[in-house]
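Everything on this sheet refers to the single structure shown next.
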């Protein structure tokens, strides 16, 4: 396959393009896998988050996932209607509802996790285990920089001052 980059394209631009391209492809693959179970990616994220947290309120779950809790209400309603989760009054605080998976929700999540793992293995198939480890480490550093910039409200999110210094390329003469 010919390179999508013009000769001399900056490496950071190439990396950003490839991340976006791979992300789109994986997101589509993942969404298709989840659709086979009648789920959307957001449903999977909620089921997984509830299972990992051992339950919790909508507000707690939103905080743990880094999402606005009010934006989760529709997906929570859908999962409840599908019989995959329940809202229960918290025995310690009757004003609060706790989200828990039903037996069917647990079984569906188990199947969804298998499909997600299969999808990830397909995506990373061309890489060795050591290369996958290195890729995860590098992507985590990038993600940490993006998260730090987002928390600080930086208009240049993702361009953390901690980023490694770039070597200066040849300068063009002034006109």
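Worth a mention:
- Residues of region 64-90 that turn out to be outside any strand (DSSP E or B), in contact with a strand residue (DSSP E or B) (Cβ under 9 Å, 6 or more places away or on another chain) and more than 18 Å from residue 37 (Cα to Cα), as a count: 2
- The residues of region 89-104 that are surrounded by 12 or more Cβ atoms within 10 Å (Cβ to Cβ) and either touching a helix residue (DSSP H, G or I) at 6+ places or on another chain (Cβ under 6 Å) or modelled with pLDDT under 95 (or both), listed by number, are 90, 96, 97, 98, 99, 100, 101.
For (1) surrounded by fewer than 17 Cβ atoms within 10 Å (Cβ to Cβ); (2) free of Cβ contacts under 8 Å to residues at least 12 places away in the same chain; (3) in the same structural domain as residue 146 (by TED's automatic domain parsing); (4) not in a loop (DSSP other than H, G, I, E, B), each residue gets a yes or a no:
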position	(1), (2), (3), (4)
3	yes, yes, no, no
22	yes, no, no, yes
32	yes, yes, no, yes
43	no, no, no, yes
48	yes, no, no, yes
61	no, no, no, yes
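- Out of 74, 66, 38, sole residue that is loosely packed, with under 14 Cβ neighbours inside 10 Å and at pLDDT 95 or above: 38
- Pairs where the first residue, in region 81-100, is over 21 Å from residue 52 (Cα atoms) and assigned by TED's automatic domain parsing to the domain that holds residue 44 and the second is assigned to a strand (DSSP E or B) and at pLDDT 85 or above, C-beta under 7 Å, 6+ apart: none
- Candidates 174, 157, 168, 161, filtered to the one that is in contact with a helix residue (DSSP H, G or I) (Cβ under 7 Å, 6 or more places away or on another chain), at pLDDT below 85 and not in a helix (DSSP H, G or I): 157
The values are calculated or read from the model by the stated rules, or taken from the named source; none is laboratory data. In this text, all values refer to a predicted model and were calculated from it rather than measured experimentally. Neighbour counts run over all protein chains shown; Cβ positions are idealised from the backbone, glycine included.
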